[in-house]
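This report refers to the structure that appears directly beneath it.
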Amino acid sequence: MSQTKFHVKKDDQVEVIAGKEKGRKGKILKVIPEKNRIIVEKVNLIKRHTRASQTSKGGIVEKEGSIHISNVMIVCKKCSSPVRTRKKVLDDGGKVRVCIKCGEIFSK
């Protein structure tokens, strides 16, 4: 099974563009390529009821649920708005993601 490439990576700042969390911004905590989903900080919070054990207290724990990768767009630092990206080949042969609006280069 080949690894799929996505338009966003871990630690990118993204904005949700569809669904009940539309308009919320956050940092990507985890990418789940098998299911085409991501976990975004402080977005799609769900409640987990945990049982008490020797190591932890029981109770209701809030944590982030996953959302589909197509429901987010990367936020450009320069434009400060959600933008689409394209790939650009550098002189040394490496590829980077580039903002379509302003040409800002995102981290490799």
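The values are calculated or read from the model by the stated rules, or taken from the named source; none is laboratory data. Quantities reported herein were computed from a predicted structural model and do not represent experimental measurements. Please note: Cβ atoms are built from the backbone with ideal geometry, for glycine as well, and neighbour counts cover all protein chains shown.
Structure notes:
- Val14 satisfies every condition listed in (1) touching a residue at least 40 places away in the same chain (Cβ under 8 Å); (2) part of a loop (DSSP other than H, G, I, E, B) except (2).
Quick grid of which residues meet (1) loosely packed, with under 12 Cβ neighbours inside 10 Å; (2) at pLDDT 95 or above; (3) under 26 Å from Gln3 (Cβ atoms):
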| residue | (1), (2), (3) |
| --- | --- |
| Ile28 | no, yes, yes |
| Glu64 | no, yes, yes |
| Asp92 | yes, no, yes |
| Val96 | no, no, yes |
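- Restricting attention to segment 46-77, the residues that are assigned to a strand (DSSP E or B), in contact with an Asp or Glu (Cβ under 8 Å, 6 or more places away or on another chain), under 30 Å from Arg97 (Cα atoms) and not aliphatic (A, V, I, L, M) total 1.
- Scan of segment 60-108 for residues that are aliphatic (A, V, I, L, M) and either in contact with a Gly (Cβ under 9 Å, 6 or more places away or on another chain) or in contact (Cβ under 8 Å) with a residue 24 or more places away in the chain (or both), ordered by number: Ile67, Ile69, Val72, Met73, Ile74, Val75
- Looking across segment 17-45 at every residue that is in a strand (DSSP E or B) and of a type in the set (D, E, K, R), the one that is farthest from Lys77 (Cα to Cα) is identified as Arg37.
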